[in-house]
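Right, one structure below, let's go through it.
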Amino acid sequence: MTINQLSIFIENRSGTLVKVLDILKQSGIQIIASTIADTAEYGIYRLICSEPSRAYQELKDAGVAVALSDVFALELDNEPGKAADAVRIISDADISITYMYTFLWGGKGILIFRTDQTEKAHDVILQHHLSFIDENDLAGGGEN
Amino acid sequence: MSRDEMSALQGKRLHKIVEYVYHNVPFYRHKLQSMDITPDDIQTIDDIVKLPFTTKKDLRDNYPFGLQAAPQSEIIRIHASSGTTGNPTIVGYTRKDIGVWTECMARCLTAYGVGRNDIFSVSYGYGLFTGGLGAHNGVEMIGAAVVPASTGNTEKHARLIRDLGITGIACTPSYALYLAETMEKMGITKDQIHLRVGAFGAEPWTENMRAEIQKRLGLKGYNLYGLSEIMGPSVSYECQEQHGSHINEDHFYPEVINPVTLEPLPKGQTGELVFTTLTKEGMPVLRYRTRDLCSLMDGQCGCGRTSVRMSRIEGRSDDMLIIRGINVFPSQVESVVLSMKEFAPRYMLIVDRVNNLDTLQVQVELRQEYFTSTFDTPAAIDELEKRLAARLKSVLSIGAKVQLKAPGTIERSQGKSAHVIDKRKI
Ligand SMILES: [Zn+2]
């Protein structure tokens, strides 16, 4: 239900993002999805990748400010309105979403969100029979 | 030696040195004559207030040998200070000067608890800078084994510290932190090394920095103060109490003055530190203005010594920034940055003027291990920046904009700290 996301502090200077991407490339880490929350001076680069623990260690060893965050990963049919339905269920349960983003994986839509109310989110997802994916699903690689 | 005996000795030496420069340095002779002072007017140490000050500019203007009192044949060593602007300062030492210097340095090391069984690494730069050779001679005099590591090649140095079981080190406090960082990167742990004494100087540092260095290198860190215009490292030193630095006042007489009015200040008040060399032959100086800000302490120390002590250098009168009319010292920023565990001990002050209003930006470096998943939103980072900004405001009395930088992106100075970019002057 939750997967590991890498969160990386990067400055808005040329070369800083490239450095991170180069480390991942050299370590043979596959990036599955990524997004940047940016401000005028820095950004938080969030990414879902194969082997997040190893990617975390490689980046850490290279001196990068990186953290592993647990995020929820819902699996949605790739049809209009599915993301809206899922988000409505979560917000109707009074769960506040810190951030969210979506990407396509193996023909399905994946909705990533982070909340501090993890137990409640866990229960709501089960109650409403929402589909989700786990770390293992991503390790297998996308088959589209 | 009682305080009265010390004052009597200082008075006697002061009279002698004034007489000596009067006859041997035209610069001082002219100055004293223009003030209608003769050496006979100077009989006790209290008469020192009658004497003129000497500034860094006087030294530069009389480049290279204008203030030298001894004949060239008596000079056995010449050092030059790092001048970023204008002429460097040239200081010549006679054989006796080197002897005094070495003895003063040996006193410092003895107070730190260094003895003949120690292996001591001198990691100040050897060369024109007085740090390397000055500390070196003192270590040899007390009979410890000196390792003249100098600066540069930090990894090799770290290996030597581990492999030789080096027990003491003299270097700048920022180099000590750099060394700790290098060791951590190399995987050298605290229990693999035997450092127990650190003599740190040549740049101002703070109690927070001391705590950090002591923790990371597992040693006890002592202040070592000096400046080439007066002698070099050995002018003052901390003892086991780590509470103020004992001044070798039988050779270097200290005063603290108001840098604006030039009036001497009573003990305990912060002002500009001024030294008169009481025994120097090569280049003696009268009331040399160090530009270092500190206060003096009277009274017997817990260690038993009765010599006057100086506080930490609280700033340089040169470094003092006037921002929106308020005096700001980089050291104040440093103490705030070091008090928050989320930040590395590196910072940069960027002063600018926008629409006729001074602005201060403080760049700090995020410490890698404190970037955790709680900080994975801009809101959390902003909150951290605001927390630092609030502390800065309460210490500096002016607002500063905080900019967080990624780990390892603010340059670590290996020598004198350079923490300010003042764009207003350009
Ligand atoms: Zn003491």
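Do any strands (runs of 3 or more DSSP E) entirely within region B:173-288 hold 2 or more residues that are within 16 Å of the ligand (Cβ to nearest atom), among the aromatic types (Phe, Trp, Tyr) and more than 14 Å from every other protein chain (Cβ to nearest Cβ), and if so, which? Explain how you work it out, then say what you get.
Numbers: elements: B:197-201, B:220-227, B:232-238, B:245-247, B:252-257, B:271-277.
Result: B:220-227.
Residues that are crowded, with 21+ Cβ neighbours inside 10 Å: list the strands (runs of 3 or more DSSP E) wholly contained in region B:63-159 that include at least 2 such residues.
B:90-94, B:119-122
Inside region B:289-307, can you point out the residues that are in a strand (DSSP E or B) and either within 16 Å of the ligand (Cβ to nearest atom) or of a type outside the set (Lys, Arg) (or both)?
Across region B:289-307, the qualifying residues are B:Thr290, B:Asp292, B:Leu293, B:Cys294, B:Leu296, B:Met297.
Would you tally the residues in region B:308-342 being surrounded by fewer than 19 Cβ atoms within 10 Å (Cβ to Cβ) and within 16 Å of the ligand (Cβ to nearest atom)?
Within region B:308-342, residues that are surrounded by fewer than 19 Cβ atoms within 10 Å (Cβ to Cβ) and within 16 Å of the ligand (Cβ to nearest atom) number 1.
So that you can scan it fast, the table gives a plain yes or no per residue for (1) under 20 Å from B:Asp319 (Cα atoms); (2) at pLDDT below 90; (3) within 14 Å of chain A (Cβ to nearest Cβ); (4) surrounded by fewer than 19 Cβ atoms within 10 Å (Cβ to Cβ):
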| position | (1), (2), (3), (4) |
| --- | --- |
| B:Arg346 | yes, yes, yes, no |
| B:Val354 | no, yes, no, yes |
| B:Gln361 | yes, no, yes, yes |
| B:Arg391 | no, no, no, yes |
| B:Leu396 | yes, yes, no, no |
| B:Ala406 | no, no, yes, no |
| B:Ser417 | yes, yes, no, no |
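Kindly list the number of the only condition in (1) in a loop (DSSP other than H, G, I, E, B); (2) within 14 Å of chain B (Cβ to nearest Cβ); (3) surrounded by fewer than 19 Cβ atoms within 10 Å (Cβ to Cβ) that fails for A:Val64.
(3)
Select from region A:5-19 the residues that are more than 10 Å from every other protein chain (Cβ to nearest Cβ) and either in contact (Cβ under 8 Å) with a residue 12 or more places away in the chain or touching a Cys at 6+ places or on another chain (Cβ under 7 Å) (or both) and list them in ascending order. Walk me through how you get there before you give the answer.
To start, the set of residues in region A:5-19 that are more than 10 Å from every other protein chain (Cβ to nearest Cβ) comprises A:12, A:14-15, A:17-18.
Selection gives A:Asn12, A:Leu17.
The values are calculated or read from the model by the stated rules, or taken from the named source; none is laboratory data. Since we're looking at a predicted model, the values are computed, not measured. Ideal geometry is used to build each Cβ from the backbone, glycine not excepted, and the neighbour counts take in all protein chains shown.
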